[in-house]
Amino acid sequence: MCHISGMAFNPEPVLPPISGRPEQVEKVLKTRYHDAMTKLQPQGDLKRICETDLGLVSQCCLTKHVFRMSKQYLANVALKINVKVGGRNTVLVDAISRRIPLVSDRPTYFWC
């Protein structure tokens, strides 16, 4: 679905998928982080995509939903991934043509 939406991804994962028990999440993530550092460090990409030591950009999905192969579900997941990796999902046509004035162009009130 990401590919159909115009997002290019390597079809083969850099690291194979893993799973862990809920009480082992921290240990599994730290091990995965170490594995990723070992594999990706020569490419220099890991530091660019990491927000913090374990704050890797990710998208979790329930297996039961993924295996249903619902186009709508997968499209929604693809949109979430796109935003997380810096993409944008919508653009106002008026904003592109600059027909929407900037806040600084005219007096504006903000109500909170």
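The values are calculated or read from the model by the stated rules, or taken from the named source; none is laboratory data. Small disclaimer: the values here were computed from a predicted structure and weren't measured. Neighbour counts are summed over all protein chains in view; Cβ atoms, including those assigned to glycine, are modelled from backbone coordinates with ideal geometry. Calculation scope for accessible area: heavy atoms of the full protein, side chains included, ligands and nucleic acids excluded. Shrake-Rupley method; radii C 1.70, N 1.55, O 1.52, S 1.80 Å.
Miscellaneous remarks
- In segment 65-84, the residues that are without any contact (Cβ under 8 Å) to a residue 40 or more places away in the chain and under 17 Å from His3 (Cβ atoms) reach residues that are part of a helix (DSSP H, G or I) and open to solvent by less than 100 Å² (accessible area, probe 1.4 Å) with C-beta atoms within less than 7 angstrom, at least six apart or across chains, in these pairs: Tyr73/His65.
- Test: residue in segment 21-32 that is open to solvent by less than 60 Å² (accessible area, probe 1.4 Å) and at pLDDT below 85: no
- Any hit, segment 38-46, residues being over 17 Å from the mean Cα position of the chain (by Cα), modelled with pLDDT of 80 or more and outside any strand (DSSP E or B): yes
- Pair list, Cβ under 8 Å, 6 or more apart: segment 1-25 residue farther than 18 Å from Leu62 by Cα, other residue surrounded by 10 or more Cβ atoms within 10 Å (Cβ to Cβ) and among the basic types (Lys, Arg): Val14/Lys39; Leu15/Arg32; Leu15/Lys39
- Single residue of segment 1-27 satisfying the filter (in a helix (DSSP H, G or I) and among the charged types (D, E, K, R)) that is nearest to Gly87 (Cα to Cα): Glu26
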